[in-house]
Amino acid sequence: MFSDVDRLEAAMSFHRERHTVLAGNVANLDTPGFRPMDLERAVGPTTVPAAVTHAAHVAGPAEAAYAVSFDDGGALSNPDGNAVSLERELAKIDANRTRYATTAELTSRRLALLRYAAGDGA
Amino acid sequence: MPLDFFSAMEVSASGLAAQRVRMNVSASNLANVSTTQAAGGGPYQRRDVVLTSVPMANLPGQRLGPGAPGGVVQGVAVAQIVPDAGEPRWEYDPGHPNADADGYVAYPNVNPVEEMVDMITASRAYEAGVTTLTTAVNMAERALGIGRG
């Protein structure tokens, strides 16, 4: 019943973590030699099982698999080797924020439906 | 540990702090555009800020695709502030107390135009950092609104 809420939550986590990576790109706008990074949801299985480091430990829930890539969008780097394009990063941040907001809204509505069902239609 | 919004805010804050240092250094260069007697003798030498990226948070390795670089989330820090050892600007002014035997005075190697451009760049980068920070705050607020109403 809650599995789609879990999936939405995973999507929100992804967008939150991607925002952190993109924020790092903006912070390094003037760092010589810095190449911007991006996070992508990996193709294939969307989760990897959490590592169990001791036989007596209980395996935690599977964690999402992400792919990290350098992404300069083919931009020419500055003479100092920095390849961050401010416009590009801000556009990505804004698109990412919109996706996050959309997912949050979907989660909200899904929970409202469940509440409606649980509340005897009241 | 997953990356929470506070990591994003810390990363943005590191960028803001670095841009403020750049701003201060540019301001100090401009203020000393005519300083012919700096501490340690000689004219003031313009300062340059060197920034470096610092890993601030990590996605645990197992969550990344194969071959992914470690230290994905990079904040920024001021590595050093280095004096620019470039040639001073020589001006002929025999009456000046710091004039040499030929009547030339060594003025700082500060180019006001360059400093102004640096300042504008720093200011734009600061604004971009604020935007990023505000976005993180908005996203966190969106999450807090889940299930409300």
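Read-outs: derived from the displayed coordinates by stated rules, not from any lab. Remember, it's a predicted structure, so these values are computed and weren't measured experimentally. Cβ atoms come from the backbone with ideal geometry, glycine included; neighbour counts cover every protein chain shown.
Counting each DSSP H run of 4 or more residues in chain B as -39500 (n - 2.57), what helix-only mean residue ellipticity at 222 nm follows after dividing by all residues, to the nearest 500 deg cm²/dmol? Rounded to the nearest 500, it is -14500 deg cm²/dmol. For the range B:113-149, backbone nitrogen atoms closer than 19 Å to the point 7 Å from A:A112 Cα along Cα-to-C-beta are found at B:141-149.
Taking Cα atoms only, the orientation of helix B:112-144 departs from the longest principal axis of chain B by about 20 degrees. When each of B:V73, B:V130, B:V54, A:V68 is scored by the number of other beta-carbon atoms lying within 10 Å, the sequence from fewest to most is B:V130, B:V54, A:V68, B:V73.
For chain B, the longest principal axis of the Cα atoms and the long axis of helix B:5-31 meet at an angle of about 10 degrees. Cβ crowding within 10 Å, taken as a proxy for footprinting-reagent exposure, orders B:I120, A:I93, B:I81 from fewest neighbours to most as B:I120, B:I81, A:I93.
For chain B, relative contact order (Cα pairs under 8 Å, six or more residues apart, normalised by length) works out to 32 percent. Taking Lys and Arg as +1 and Asp and Glu as -1, the other residues whose beta-carbon sits under 15 Å from that of B:N109 total -4. Using every pair of separate Cα atoms, the Kirkwood estimate puts the hydrodynamic radius of chain B at 18.7 angstrom. Taking other C-beta atoms within 10 Å as the exposure proxy, B:R46, A:R97, A:R88 rank A:R88, A:R97, B:R46 from fewest upward.
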